[in-house]
Amino acid sequence: MALELFTPHDEPLDPLHHVYAPVDRSGEAYQDFCRQAGPLLAADARAMAKGHVVQITGGDLCGKTSLALRCAHWVETTAPANLMRVTKIDLTPLEGTAEESFGDRNLRLFEAVVDELVERLTPAEQTELASLVNPDTRDPERAYRRLVLLLSPHGEPPPLLVVVLPRIEVKGETECYLRFAVPGLMFITEATVGDPAADCVLRPGRERAVISLSVGTLDEDDGWAFICARVAGRDDLLREWESCKEHVDTYVRDRSSTGSGLSIGQFLKVMRMAHDIAIAESRSTLDMGDIGRAYARSGVNI
């Protein structure tokens, strides 16, 4: 069972799936979100008075999507059920294509939101919503406002839709979601630093609130902290990995000291490839040569 850090049933890029190791620099951002969003979910139900956009920025593979999903999960499990009915909608798998226009992307994502809520809408209501975003009319703001209204039956808690969006790819797209964020809606967006889409500065308004978060890179001790968290309680695995600690620390220290730093996703990609190299050669430990070869093959650009 050597090097059982990464196994087929344990996807290392999903920290919520197995053991969350708080080393991806999103911990501070997550706590910041909880502090800012907490009052919105308090007993006065101010979450219903405004729409919200959570804007997450960070480097490539820094854990932005994981942070977005953690924030959405927090809202879903924290909001008082007697005051609001929270529905989390994860659209992160719906990446766009180079051929897709801005308007088509907005339409596709709205349709995906409606698909997630189809059991709470009558056929007539679905037809009405479709008419608001067809190629001739295309009024997403009005469509989202109408959707929230249709999900607000008399005598029941009002809805709060928490929509986790795929990576923002078009300059100006985040500003559009601020316009679409009517009361009863929270959009959680992510953009990669360096992309034009990440440069926008959102300004809150009377009906809309903004929470801005950023995710940074690893500190030099974080790589080993992650491994220890993943093999916690398995002394046999920890002993095997301890023979690699110096090599892991050297790699993280060297890469994290560069200008752009080292992200959790980049670290995991290289470690997993180094692990595969060692397993293929029937060895139970990694060495610096494995990590060097993995880095060269990984395409990670530090």
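Read the figures in this text as sums done on the coordinates, not as results from a lab. It should be emphasised that the depicted structure is a prediction, and the values quoted were computed from it without experimental measurement. For neighbour counting, all protein chains shown are included, and Cβ atoms are generated from backbone atoms with ideal geometry for every residue, glycine included.
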Low-density loop cleavage sites - trypsin sites (Lys or Arg not before Pro) in the range 199-292, where at most 10 other Cβ are within 10 Å (DSSP): ARG206
Cut-off 20 Å (backbone N to label point 7 Å along Cα→Cβ of SER298), residues of the range 211-233: 215-231
For the pair ASP115 and GLU128, how long in nm is the line joining their label points, each one 7 Å along Cα→Cβ? 2.3 nm
Could you grab the relative contact order for the range 27-215? Cα pairs under 8 Å, six or more apart, rounded to a whole percent. 39 percent
So how do ILE277, ILE227 line up by other beta-carbon neighbours within 10 Å, fewest first? ILE277, ILE227
Over the range 224-302, the quotient of the Cα radius of gyration and 2.2 N^0.38 Å is 1.06
Each label point is 7 Å from the Cα along the Cα-to-Cβ direction; what then is the distance between the points at GLU95 and THR258, in nm? 2.1 nm
Students often forget the sequence filter, so: which lysines lie under 29 Å Cα-Cα from LYS50 once same-chain residues fewer than 8 apart are removed? LYS64, LYS88, LYS171
The percentage of Cα-Cα pairs in the range 27-215 separated by more than 20 Å is 52 percent
